[in-house]
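Comments concern the structure below.
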Amino acid sequence: MSIFSSMETTGSALTAQRLRMDVVSSNLANIDTTRAKQVDGEWEPYRRKTVTLTAQESGPSFSNYLSAAIGRSDQSTGKGVKVTNINEDTETPFKLIYDPTDPDANDEGYVQTSNVDSLKEMTNLISATRSYEANVTAFNANKAMLSKALEIGK
């Protein structure tokens, strides 16, 4: 295990949470977008996007082989987190708003708007922000410990 492995783990979490905040910001920015892309010749409203995070597994290392040889298979260390996919939410239906004067209104006068829920998005944004702050704190604590270790070596 390298002395910098915890910094790499924290760095991967910071990157993932920043991307998560970017996706939430994109969702909030497009909450009123009624023409995001064409599907079968028809314009479709913006679809909410979600981020899928998974753990990065560490590759085979000497410490993993050694742990397995002495019967400790639970000693493998992870390499942090990575974004595996950014999905569009196809499960949540579009919202219908009655506005017959809108150019995007259908024959009944309803306009399809995005399936973004601002309350969900703000909750996700707060969660991602808190996770980011926690990882910054862990990174700074690790940096302080490494700095103290270098001072001891003087």
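Condition check for ALA149 on (1) at pLDDT 90 or above; (2) out of contact with any helix residue (DSSP H, G or I) (no Cβ under 6 Å at 6 or more places or on another chain); (3) of a type in the set (Gly, Ala, Ser): one failure, at (1).
Among the residues of the range 42-71 satisfying the criterion of being modelled with pLDDT of 75 or more and either of a type in the set (Asp, Glu) or farther than 30 Å from SER114 by Cβ (or both), which is nearest to the chain's Cα centre (by Cα)? Break it down into steps so the answer makes sense when it comes.
Of the range 42-71, the ones modelled with pLDDT of 75 or more are 42-56.
Subsequent filtering for residues that are either of a type in the set (Asp, Glu) or farther than 30 Å from SER114 by Cβ (or both) retains 42, 44, 55-56.
Details: GLU42: 30, GLU44: 25, ALA55: 12, GLN56: 14 Å.
Top of the filtered list is ALA55.
None of LEU125, LEU119 is loosely packed, with under 13 Cβ neighbours inside 10 Å and among the aliphatic types (A, V, I, L, M) except LEU119.
The values are calculated or read from the model by the stated rules, or taken from the named source; none is laboratory data. Fair warning: this is a prediction, and the values are worked out from it, not measured in the lab. Using ideal geometry, Cβ is built from the backbone for each residue, glycine included, and neighbour counts are taken over all protein chains shown.
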